[in-house]
């Protein structure tokens, strides 16, 4: 109580008064000019496409083609498996050469099932792919289904199936189109906004038709003045055309700070509201969709084209041709690199995504997927051995830059000593792994690595615990059953015995009631037992979670 | 911000994001703390002559020697850990806290307890529960009270005339410089003077007129405190420390001393006197802010600093020691882990669903 009052008076009032200000975050050198000057170039069709069945969050798609089948560009080759899933399309025309495990873009050389297509270089669209003249006239549910069929998932990097996101359980007041792109080096959204602002605005109107928000905000970081101008122009054109919806949409600049482009961070910056811990933005009546996704939705609904390619940044200092490319999904990374002027024998290190939250790719034969917004190539000159870590001196810089206001030094302390039970009380699940803490750490500790490790460890423990609970319950139930069977057997025996007695001495009738009543009482005694067992185990379970919470 | 290699060639481990690093390092932090102490050292040199320099030289040499020895015994890489220069910061703080021209054995004993016992025996940098410099100081204060209270008279003429080698001769061989007995060079510190005079029934307004007290809080000492304040403000500006601890220490000390001074202005010194005498500023900006032994949460820091300020006043006013900083800081060091645990800041999105998030 006193703590709460102190917190309210000392902390919140004077220092967090600026509602729209994010706690923490860091300013990073952008390196955006390396790749944002030129328009999007189109990368040629590679001889082979490797299309993973799982390019989105959720269940992997189920293949519906066979080896040897002829496929066209845009043809569904794997269909969604469950609600949170997404179909997969052939990115170009050709023959299905294999359905097998292939390397996927990951930090370790792991393989997952992919559909391999040998392209015929004709890049022929499936005849089914037809443009729709007036998709805004279609019913919202139809639009949503089309988005699902087009395999669209969040192209900002999270790849959550968009159709699922667009079916919120509560009313939506605000639709945020996220063009912040706060990671250094990445410019695919910047270039998209500069050159295809109309597609983004049209896409936003389609989204508005589905979720019916009161206003649409296109959020752009203030280091992209040209993109902002371009989007503003597109909105003005819409206004000039007299569209009623144009008045609900406006572009907003957000200050350049990492990670202002994170969904929850952006919502805080734009609206001052905080998404409750452990829940999703739609609970506040907000939906946040990336600009690239919005443009893809425009393509899907107006042109009928499913998600078969994406714009991605290929960048890095000392690269021959850094820039943005429209790349077919499934194109091997080494093919992209070769076309961007990185020789294969270069042995370059490639990061998928930005330098803050990206993944170092283990195998360059892995394909470009829906999540691949950037390939950052580090040349040998730049590469530095990760510095040796020093002990934590608890300077607290990590806490001052944490956008969630976590205490990374405490999390590190417990994670390092493997005291995982203590971590939930420090809200480790709220960590977004943005990496700010690690960047500013003077001791050069691999903090995010520790947090990822601790999170996976906690998840594994949770699974173990659930499994153990299930088997314990099962075992208890089995014991109850065998006990019951034993009693029944005894009962039968007793009855037979009684029957025999009855046959021998029919006068001893009153005795007959005894075994029956005994049985009945014993049965009654047994029957509620599984329930009590369950109750105690549930109580134990709750106790455990409580102690964990403490 | 250079990019890092994503696989560690030596260990073969995968290095995960982020791949950016800032140029910050622990040795950089420590170096900046030392820079921030330089103005105070210059003023101290002006006040106490070479005595402060001999203190620093012996303390630094001792600290580095003890640190190397302990690192060697603990099988730690000596050179890379010595390079973090945290031992030097401890040595400089201890050298400034001890009376100038302190004998060599006093400094070596002090650095031994600070570095070998309070720091390395508890696990080295980052693991010590107590502030090393203050732990060393407290041990010396209890073991050698006479030497620890033999403060040179600031700005005294003979001190200024004392050369470096003469000072060294005194420090090592107790050869009286220029045939002057050391006793004639020393005098009570302003805090000592205040306590004895007040206990004799002299009023504070009379005490203030004494030359020992100087302009506001002690001849020489007030200038050193002012220089420390400047260095401390620079640390705040460079974001090496946050404002919470310095402000709350000064507020705690100021409010309590102010209250007593208002109640009985003749019996209790005013807040300005307390803030600029003794090691108040050094405590507020350099000692209490030692991140290893202080809480890390904003609220925790405020409580910690406030209580240090209150303790300083209580021990100074009713205790029997020359200054109260060491004991106040050490006592509060013990509370740091507890404060950290109970003062977690409110996280993003907490509140409405806090209960669920915690249990789920």
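Bear in mind that the values in this text are calculations on the coordinates, not laboratory data. None of the values given here were measured: they were computed from a predicted structure. Because the Cβ atoms are built from the backbone with ideal geometry, glycine has one as well, and the counts that use them run over all protein chains shown.
Mind checking the angle between helix B:132-143 and chain B's longest principal axis? C-alpha axes, 0 to 90 degrees, to the nearest 10.
Once rounded, one gets 40 degrees.
Working out 0.36 nm times the residue gap between residue A:98 and residue A:171, then minus their Cα-Cα distance, what length gain in nm do you get to one decimal? Kindly include the intermediate steps, with their values, before the conclusion.
Details: separation 73, 0.36 × 73 = 26.28 nm, distance 4.51 nm.
Extending this stretch completely gives an extra 21.8 nm.
To the nearest 10 degrees, how steep is helix A:447-504 against the longest Cα principal axis of chain A, on a 0 to 90 scale?
20
So the label point goes 7 Å from the Cα of residue B:31 along Cα→C-beta, right? Which residues of the range B:64-95 then have their backbone N under 14 Å from it?
Under 14 Å, as judged by backbone N against the label point of residue B:31, lie B:83-86 of the range B:64-95.
What are the semi-axes of the equivalent ellipsoid for the range A:75-130, taken as the square roots of 5 times the Cα gyration tensor eigenvalues, largest first, in whole Å?
Details: eigenvalues 103, 59, 16 Å².
Equivalent-ellipsoid dimensions as semi-axes: 23, 17, 9 Å.
Once R0 is set to 30 Å, what does the formula 1/(1 + (r/R0)^6) return for the Cβ-Cβ distance between residue B:265 and residue B:175, expressed as a FRET efficiency to the nearest 0.05?
Numbers: r = 46 Å, r/R0 = 1.55.
Calculated value: 0.05.
Applying 1/(1 + (r/R0)^6) with R0 = 56 Å to the Cβ-Cβ distance of residue A:389 and residue B:165, what FRET efficiency is obtained, to the nearest 0.05?
Details: r = 44 Å, r/R0 = 0.79.
Calculated transfer efficiency: 0.80.
Figure the gain on full extension for residue A:33 and residue A:233 (residue separation times 0.36 nm, minus the Cα-Cα span) and round it to one decimal in nm. Spell out each step's value before the answer.
Details: separation 200, 0.36 × 200 = 72.00 nm, distance 2.23 nm.
Working it through step by step, the gained length comes to 69.8 nm.
Please work out whether the range B:120-268 counts as rounded, prolate or oblate from its C-alpha gyration tensor, where a ≥ b ≥ c are the square roots of the eigenvalues and a/c under 1.5 means rounded, while otherwise a/b larger than b/c means prolate and anything else oblate? Walk me through the intermediate numbers first.
Working: a/c = 1.71, a/b = 1.08, b/c = 1.58.
Judged from the Cα gyration tensor, the range B:120-268 comes out oblate (a/c at least 1.5, b/c at or above a/b).
Which of the three applies to the range B:191-315, rounded, prolate or oblate, going by the alpha-carbon gyration tensor with a ≥ b ≥ c and a/c under 1.5 meaning rounded?
Numbers: a/c = 2.78, a/b = 1.72, b/c = 1.62.
Because a/c hits 1.5 or more and a/b exceeds b/c, the range B:191-315 counts as prolate.
Test of understanding: what is the full-extension gain from residue A:457 to residue A:66, defined as 0.36 nm times their sequence separation minus their Cα-Cα distance? Intermediate results must be reported in sequence, preceding the final value.
On the way: separation 391, 0.36 × 391 = 140.76 nm, distance 3.86 nm.
So the extension gain works out to 136.9 nm.
Take every Cα-Cα distance within the range A:348-458, group them into 10 Å bins from 0 onward, and report for each bin the whole-number percent of pairs it holds.
In order of increasing distance, the bins hold 13, 39, 32, 16, 1 percent.
Taking only Cα atoms, what is the 0 to 90° angle, nearest 10, from helix B:221-237's long axis to the longest principal axis of chain B?
Orientation of helix B:221-237: about 10 degrees from the principal axis.
Just the ratio, please: alpha-carbon radius of gyration of the range B:46-136 over 2.2 N^0.38 Å, N its number of residues.
It is 1.03.
Can you sort A:100, B:174, A:181 by how many other beta carbons sit within 10 Å, fewest first? Mind showing how you got there, number by number?
Details: A:100 13, B:174 10, A:181 34.
Going from sparsest to densest Cβ surroundings: B:174, A:100, A:181.
For chain B, what ratio Rg/Rh do Cα atoms give with a Kirkwood hydrodynamic radius? Don't skip to the answer; put the middle values down first.
Details: Rg = 22.2 Å, Rh = 21.8 Å.
Reported Rg/Rh, Kirkwood definition of Rh: 1.02.
Quick check on chain B: helices-only [θ] at 222 nm, where DSSP H runs of length 4 and up contribute -39,500 (n - 2.57) each and the sum goes over total residues. Nearest 500, please. Don't jump to the answer; show the numbers that get you there.
Working: 18 runs with 205 residues, N = 360.
Here the helix-only value at 222 nm equals -17500 deg cm²/dmol.
Could you give me the percent of Cα pairs per 20 Å distance bin for the protein assembly as shown, shortest bin first, beginning at zero and ending with the bin that holds the maximum distance?
12, 34, 27, 18, 7, 1, 0
Can you compute the helix-only [θ] at 222 nm over chain A? Use -39500 (n - 2.57) per DSSP H run of at least 4 residues, normalise by all residues, nearest 500 deg cm²/dmol.
Details: 15 runs with 194 residues, N = 550.
Calculated mean residue ellipticity at 222 nm is -11000 deg cm²/dmol.
At 7 Å along the Cα-to-beta-carbon direction for both residue A:416 and residue A:500, put a label point, then send me their distance in nm to one decimal.
Simple spin-label model gives 7.6 nm for this pair.
Looking at the protein assembly as shown, send over the antiparallel percent of its DSSP beta bridges, to the nearest 5.
Working: 38 of 63 bridges.
Percent antiparallel among DSSP bridges in the protein assembly as shown is about 60.
List A:174, A:293, B:196 from most exposed to least, where exposure is judged by having the fewest other Cβ atoms within 10 Å. Spell out each step's value before the answer.
Details: A:174 20, A:293 29, B:196 12.
Going from least to most buried by this count: B:196, A:174, A:293.
Roughly how many whole Å is it from the C-alpha centroid of the range A:191-245 to that of the range B:192-233?
67
R0 = 56 Å: FRET efficiency of residue A:472 with residue A:245, Cβ-based, nearest 0.05? Before the final figure, lay out each step's value.
Details: r = 57 Å, r/R0 = 1.02.
Result of the calculation: an efficiency of 0.45.
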